[in-house]
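Take a look at the structure below.
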Amino acid sequence: MYLYCLPLGDHIIVCTNPPFSLFRDYMAQLIKYDKNFLIIGNLNAVKYKEILPLFLTDKVWLGYNSGHYWFKVPDSYEVKKTDFKVDEAGQKWRRMGNICWYTNLDTEKRHEDMTLFRNYSPKAYPKYDNYDAIEVPKTADIPCDYYGVIGVPITFMTKYNPDQFEIVGVLNSGSANEYDFAKAILNGKQLYARILIRRRKVEKQK
């Protein structure tokens, strides 16, 4: 783990890559002590019961860029068959997927509206077997004329604009917490976790 503290006027920005196993605890520390931060994490963390409420209360959001990233690893790192390479200088590299930046620093991207062009129909957008929300398997297919609850993949969070949508909760495990309502089941098949969102009827003025 590398820790950088970048000065910004009278403030300090914490910029680091905490171990994913300690991500929850590290995030809780940053929030507790009201720090400005820019930290690397796995996109799947957005659905954690400790992390999702921070998105709902506008204390955390995703920064620029997400996806697969290459990281330097020490010489002692075990050689892997995939997502591993050694450069011409002999430096070992490991590629990690679903990596993104978590931050509380505002960005222009965070306030960009998604262009929605699909129209809702019950046939095209079926509801889950066990929860009153429609399934939208791709963020780009969110209908422009539907204002009920929508289930979207967690990759939606890279496009999330709080002026355009509100986050309702998550369909993940159905564990006993106020934001995880059920597992995402469609036509008898369990899907991967879904973020539950609702379109804002009157979007905030820019």
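General observations
- Between region 129-206 and region 26-53, the alpha-carbon centres lie 20 Å apart.
- Max mean-square fluctuation residue, GNM over the chain, Cα-Cα springs under 10 Å, options Y146, Y77, Y128: Y77
- Summing Cβ point charges (Lys, Arg +1; Asp, Glu -1) relative to the Cα centre of the chain gives a dipole of roughly 480 debye.
- Taking only the C-alpha atoms of the chain, Rg followed by Dmax gives 19.0, 57 Å.
- The angle separating the long axis of helix 23-32 from the principal Cα axis of greatest extent in the chain is about 90 degrees.
- 22 Å Cα-Cα threshold exceeded, pairs from K123/K159; K72/K109; K47/K138; K159/K201; K138/K159: K123/K159; K72/K109
- Counting Cα-Cα pairs of region 112-205 in 10 Å increments starting at 0 gives whole-percent bin shares of 17, 52, 27, 4, 0.
- Each Lys or Arg adds one and each Asp or Glu subtracts one; over the other residues with Cβ under 14 Å from the Cβ of Y77, this totals +3.
- Leading residue at positive end of dipole, the chain (Cβ point charges), from N119, F71, V60: N119
- Cβ-Cβ distance of R118 and Q29, R₀ of 45 Å, FRET efficiency by 1/(1 + (r/R0)^6): the value works out to about 0.65.
- Long-range Cα-Cα pairs in region 80-165 (distance over 19 Å), rounded percent: 56 percent
- The Cα atoms of region 3-106 cover 44, 32, 22 Å along the three principal axes, with the biggest extent listed first.
- For region 57-139, the set of trypsin sites (Lys or Arg not before Pro) satisfying both a DSSP loop assignment and a count of at most 14 other C-beta atoms within 10 Å is given as K59, K80, K81, K123, K138.
No value in this document is a laboratory result; all are computed from the given coordinates. These figures come from a predicted structure and were not determined experimentally. Neighbour counts are summed over all protein chains in view; Cβ atoms, including those assigned to glycine, are modelled from backbone coordinates with ideal geometry.
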